[in-house]
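Here is the structure we will look at, set down as structure tokens.
The values are calculated or read from the model by the stated rules, or taken from the named source; none is laboratory data. Small disclaimer: the values here were computed from a predicted structure and weren't measured. Cβ coordinates were reconstructed from backbone atoms using ideal geometry, including for glycine residues, and neighbour counts include every protein chain displayed.
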Amino acid sequence: MSCRLCEGRQFIMKFFHCFLLCLFFSSQMTFAQQAYYTARNAPPRLKKSLDKARFLAASGELSAAANELGKALEKEPRFMDGLIELGNVYNQMGDYASAELQYEKAIAIDSTYLSSLYYSLGIVEFDQDKFSEAKAHFEKYLELGKEGTRRYQNARRYLANSEFAARAVANPVPFEPKNIGSAINTAEDEYLPSLTADGEVLIFTAVKSGQEDFYRSKRADSTWMPAEPITAVNTEYNEGAQTITADGKLLIFTICNKPGGLGRCDLYFTEFKNGNWTPVRNLGRPVNSAAYESLPSLSAEGDALYFTSNRKGGFGGLDLWVSYRKPDGHWGEPVNLGSTINTPFDEQAPFIHPDGQTLYFMSKGHRGMGAYDLFLSRKDEKGNWSSPENLGYPINSRGNEGALTVSLDGKTAFYASDMPGGFGKNDIYYFELYEGARPQPVTYVKARVFDEATKKPLAALMEIFDLGSGQLVARKITGEDGEFLSTLPSGKDYALHVSKEGYLFYSDNFSLSGWTDFDSTFHIQVPLVKIPASARDTGGVSSPVVLRNVFFESGSADLLPKSRVELDKLYDLLVQNPALKIQINGHTDNVGSEQDNLELSLNRAKAVYDYLVEKGIDPGRLRYKGFGETKPVSSNDTEEGRSQNRRTEFQIIH
């Protein structure tokens with residue numbers, strides 16, 4: 001029986017040894033099939049090195065972490081998580097080529113180990129401008145990755161950026177930035193330039209001794225004068241990110257962390273009145289909120305305010321919003337610019353050009369070079385924004401591009417950069433904007449209103465109408481200096497009306513529907529004639545006032561619809577001054593016979609007379625007369641002269 005027991009024990013021992021041998025060979029075969037270590041199956045020494053490297057990396061000691069992982073991988077080159085971690089460390093160090101190598105080694109060992117490896121590899125390739133390779137790896141990740149995750153969303157954006165960047169680099173746009181000069185730029189930071197419409201005043205943000213303030217420079221004979229601080233606006237807080245109306249009279253800007261504000265950063269404003277800036281005030285609700293509001297951009301006439309905010313109701317982190325000014329001067333509830341402009345990522349720094357329809361802005365969400373790129377979008381007649389267009393490479397690079405400002409004529413763009421060769425940190429630069437990225441051409445009218453008799457400046461109401469639609473496009477009251485500036489986008493015809501209680505109005509016409517002289521501007525003097533206390537003060541008849549926006553069919557006395565704006569102003573004048581009596585005069589050029597011209601001028605004067613009577617003016621207050629070609633105000637030898645001679649006037653009569 002003992003022998004049998006011994007035999008049984010021997011059998012058990014043989015079986016146990018056989019089991020251990022099989023287990024050993026099984027584990028070896030499993031490792032041979034897997035052919036690498038991971039954080040789960042690695043020997044303790046490798047796990048210890050990995051944990052130590054991760055701790056060093058989290059502590060910011062990236063070089064030490066890389067050395068630790070390098071030593072571990074020398075001993076075991078097929079340590080998968082060690083390779084991946086070393087790639088991550090190199091990526092954080094900005095050594096994208098070394099990171100790429102580690103990721104490629106890991107994928108070569110097992111291409112199915114971690115789908116996010118393709119995402120990481122695509123990013124470091126993108127950062128090396130290897131856009132085609134990055135594109136392939138982002139596509140691979142999108143095949144393997146989990147939809148709906150933030151990384152998956154980012155991968156789709158990177159894929160689009162890779163496709164765009166490859167084309168953009170192969171097809172660069174013209175770009176030759178020039179430093180604006182030492183009168184503006186210093187060894188400190190200067191950025192966020194803003195221009196008045198006439199290009200004569202530049203306002204920008206600058207940092208001096210750690211304080212962020214506004215500075216102003218004037219241009220004289222194409223040369224910028226040394227910038228000076230705007231002491232009336234600057235405070236002990238950091239002011240920045242400003243915008244100014246075309247006439248330089250309204251400044252809106254950002255102040256952060258100011259006591260009494262509604263949120264972390266709010267918009268504030270000041271107005272330039274009678275030679276001085278008014279006290280700074282918070283713009284208030286509804287523009288400001290408990291969220292972040294910054295980087296404003298005013299429309300040329302100050303009736304629309306675009307800005308950046310992360311308030312509720314947006315599409316991403318930072319979105320672009322717009323608030324329109326109401327007739328009472330208050331700002332309306334901000335409106336999100338919509339999903340065409342805003343993305344799930346960030347949009348910032350809007351700049352609405354004085355043409356009122358071209359918007360430039362920064363975005364991380366639209367197809368670009370990877371970080372913040374500059375884009376433009378154009379608004380159609382229905383108020384819809386076009387799909388944003390990337391301004392192209394090298395205006396946009398793989399870095400963050402800053403806010404852009406574009407001159408009135410659309411030819412010159414201004415921005416800030418810390419590129420080598422400047423005077424200090426961030427400097428202000430300018431460059432010629434290529435034609436495809438330019439806004440609609442815009443000019444401006446700059447005028448001085450004064451009393452015709454005394455020559456003293458007058459505060460008066462200025463209105464500009466679109467003659468095609470009859471809509472009011474600009475309305476402002478001049479300061480005590482009587483000066484105003486207003487922009488005029490090309491492609492339309494405009495009527496200018498200047499009025500003041502107790503005076504006859506002044507009108508002018510700007511025909512820009514076929515305008516091609518994009519470098520010209522309008523500088524005019526506006527003399528207003530005081531309405532006399534009685535007709536005797538005029539000697540019976542006053543000097544005539546030309547109605548420059550009354551139009552007729554060619555060779556006819558039929559009024560064109562666009563004449564209504566002017567005729568309604570004349571009607572208002574008569575209603576507001578019930579004792580006023582006027583005579584309407586018609587004049588022609590010398591084309592045709594004298595008799596025909598006399599008859600045509602009479603009929604045209606009568607057409608105005610009939611319009612006023614139909615509106616309810618007492619016929620006893622009106623007379624009309626035709627003078628034909630007998631009273632020219634210019635030569636009939638040129639088309640311009642003949643155009644001036646074809647006119648309709650009115651004058652006060654006894």
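There is no residue in segment 598-613 that is assigned to a helix (DSSP H, G or I), within 25 Å of TYR494 (Cα to Cα) and at pLDDT below 95.
Take segment 402-413 and flag every residue that is surrounded by fewer than 22 Cβ atoms within 10 Å (Cβ to Cβ) and either of a type in the set (D, E, K, R) or under 15 Å from MET362 (Cα atoms) (or both). Correct list: GLY402, ASP409, LYS411.
In segment 458-498, what residues are hydroxyl-bearing (Ser, Thr, Tyr) and over 13 Å from GLU301 (Cβ atoms)? Scanning segment 458-498 gives SER469, THR478, SER490.
Conditions (1) in contact (Cβ under 8 Å) with a residue 40 or more places away in the chain; (2) over 30 Å from ASP355 (Cα atoms), marked per residue:
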residue: LYS492; (1), (2): no, no
residue: GLY502; (1), (2): no, yes
residue: SER507; (1), (2): yes, no
residue: TRP515; (1), (2): yes, no
residue: HIS523; (1), (2): yes, no
residue: SER542; (1), (2): yes, yes
residue: PHE552; (1), (2): yes, no
residue: VAL565; (1), (2): yes, no
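Considering only residues that are assigned to a loop (DSSP other than H, G, I, E, B) and either modelled with pLDDT of 95 or more or crowded, with 21+ Cβ neighbours inside 10 Å (or both), which ones fall in segment 490-499? Matches in segment 490-499: none. For residues in segment 375-392 being of a type outside the set (Asp, Glu) and modelled with pLDDT under 95, which is nearest to LEU337 (Cα to Cα)? Going through the qualifying residues, I end up with GLY383.
Per-residue answers, yes or no, for (1) touching a helix residue (DSSP H, G or I) at 6+ places or on another chain (Cβ under 6 Å); (2) in contact (Cβ under 8 Å) with a residue 24 or more places away in the chain; (3) part of a loop (DSSP other than H, G, I, E, B); (4) in the same structural domain as PRO193 (by TED's automatic domain parsing):
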residue	(1), (2), (3), (4)
ARG398	no, yes, yes, yes
PHE414	no, yes, no, yes
ILE428	no, yes, no, yes
SER469	no, no, yes, no
LEU485	no, yes, no, no
LEU488	no, yes, no, no
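Across segment 59-76, the qualifying residues are those that are in contact with a Ser or Thr (Cβ under 8 Å, 6 or more places away or on another chain) and among the hydrophobic types (A, V, I, L, M, F, W, C), and the one among them that is surrounded by the most Cβ atoms within 10 Å (Cβ to Cβ) is LEU69.
Checked against the criterion of being closer than 25 Å to ARG45 by Cα, assigned to a helix (DSSP H, G or I) and of a type in the set (Asp, Glu), the candidates GLU100, GLU104, GLU133, GLU143 yield just one match: GLU104.
Only residues that are within 17 Å of LEU574 (Cβ to Cβ) and either assigned to a strand (DSSP E or B) or not assigned by TED's automatic domain parsing to the domain that holds LEU458 (or both) were counted across segment 502-527, and they come to 3.
Could you say whether any residue in segment 626-641 is touching a residue at least 12 places away in the same chain (Cβ under 8 Å), surrounded by 17 or more Cβ atoms within 10 Å (Cβ to Cβ) and within 30 Å of GLU501 (Cα to Cα)? Checked against the condition, which is being touching a residue at least 12 places away in the same chain (Cβ under 8 Å), surrounded by 17 or more Cβ atoms within 10 Å (Cβ to Cβ) and within 30 Å of GLU501 (Cα to Cα), segment 626-641 yields at least one hit. Evaluate the following for PRO441: is it under 30 Å from ILE524 (Cβ atoms) and buried (at least 16 other Cβ atoms within 10 Å of the Cβ)? Answer is yes for this residue.
Would you check if there is a residue in segment 236-249 being assigned to a loop (DSSP other than H, G, I, E, B), within 27 Å of LEU408 (Cα to Cα), among the hydrophobic types (A, V, I, L, M, F, W, C) and not assigned by TED's automatic domain parsing to the domain that holds THR521? Yes. Has segment 95-106 got any residue that is over 23 Å from GLU125 (Cβ atoms), touching a residue at least 24 places away in the same chain (Cβ under 8 Å) and in the same structural domain as ALA134 (by TED's automatic domain parsing)? Checked against the condition, which is being over 23 Å from GLU125 (Cβ atoms), touching a residue at least 24 places away in the same chain (Cβ under 8 Å) and in the same structural domain as ALA134 (by TED's automatic domain parsing), segment 95-106 yields no hits at all. Against the list (1) out of contact with any helix residue (DSSP H, G or I) (no Cβ under 9 Å at 6 or more places or on another chain); (2) part of a loop (DSSP other than H, G, I, E, B); (3) in contact (Cβ under 8 Å) with a residue 24 or more places away in the chain, the condition LYS446 fails is (2). For segment 158-210, name all the residues that are among the charged types (D, E, K, R), without any contact (Cβ under 8 Å) to a residue 60 or more places away in the chain and under 19 Å from THR254 (Cα atoms). Of everything in segment 158-210, just one residue is among the charged types (D, E, K, R), without any contact (Cβ under 8 Å) to a residue 60 or more places away in the chain and under 19 Å from THR254 (Cα atoms), namely LYS208.
Residue-wise test of (1) touching a residue at least 24 places away in the same chain (Cβ under 8 Å); (2) over 30 Å from PRO394 (Cβ atoms); (3) part of a loop (DSSP other than H, G, I, E, B); (4) among the aromatic types (Phe, Trp, Tyr).
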| position | (1), (2), (3), (4) |
| --- | --- |
| ASP266 | yes, yes, no, no |
| PRO286 | yes, yes, yes, no |
| LEU305 | yes, yes, no, no |
| ARG311 | no, yes, yes, no |
| TRP321 | no, yes, no, yes |
| PRO354 | yes, no, yes, no |
| GLY365 | yes, no, yes, no |
| ALA371 | yes, no, yes, no |
| SER377 | yes, no, no, no |
